[in-house]
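The values are calculated or read from the model by the stated rules, or taken from the named source; none is laboratory data. Here the structure is a predicted model, which is why all the values come from computation and not from measurement. Here the Cβ is made from the backbone with ideal geometry for all residues, glycine too, and neighbour counts use every protein chain on show. Quick note on the areas: whole protein, heavy atoms, side chains included, nothing else; ligands and nucleic acids left out. Shrake-Rupley method; radii C 1.70, N 1.55, O 1.52, S 1.80 Å.
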Amino acid sequence: MIFPWSRVRIMVATKPVDFRKGHDGLAALVKNELRKDPFTGTVFVFRSRLTDRLKLIYWDGSGLVMTYKRLETLFAGLNWRRVRAITTRAPEAVE
């Protein structure tokens, strides 16, 4: 089994995604919708509409890894109804 290293950033998508998407589809979603680079080692967590399935993707240095998990109970400690997108401004140029 392949695991990310111990010091890794984890980003949780705030909206459910189409679970028919594979490696390339989720990587494109990370790049185009989240405006992040999927090849940095950051773990990106996506959920299904019913919140009983998770997909994680991350770059391990040699390829893009996708993990799929079907949950028997809801994910403890994370209330999906309270997960919100963070709005940030792009940094301004300093002269």
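Answer with yes or no whether ARG49 is surrounded by fewer than 13 Cβ atoms within 10 Å (Cβ to Cβ), modelled with pLDDT under 90 and touching a Pro at 6+ places or on another chain (Cβ under 6 Å). Spell out the reasoning first.
Values: surrounded by fewer than 13 Cβ atoms within 10 Å (Cβ to Cβ): yes; modelled with pLDDT under 90: yes; touching a Pro at 6+ places or on another chain (Cβ under 6 Å): yes.
Criteria met by ARG49.
Inside the range 52-68, can you point out the residues that are among the aromatic types (Phe, Trp, Tyr) and open to solvent by less than 20 Å² (accessible area, probe 1.4 Å)?
Here is the first cut: in the range 52-68, the ones among the aromatic types (Phe, Trp, Tyr) are 58-59, 68.
If the condition is that a residue be among the aromatic types (Phe, Trp, Tyr) and open to solvent by less than 20 Å² (accessible area, probe 1.4 Å), then TYR58 is the only one that fits.
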Count, please, the residues in the range 25-44 that happen to be open to solvent by 60 Å² or more (accessible area, probe 1.4 Å), out of contact with any Phe, Trp or Tyr (no Cβ under 7 Å at 6 or more places or on another chain), in contact (Cβ under 8 Å) with a residue 12 or more places away in the chain and closer than 19 Å to GLY61 by Cα. 1
Looking at (1) outside any loop (DSSP other than H, G, I, E, B); (2) modelled with pLDDT of 90 or more; (3) open to solvent by 40 Å² or more (accessible area, probe 1.4 Å), which is the only condition ARG81 fails? (2)
Go through the range 25-44 and give me each residue that's in a helix (DSSP H, G or I) and in contact with a strand residue (DSSP E or B) (Cβ under 7 Å, 6 or more places away or on another chain). LEU26, ALA27, VAL30
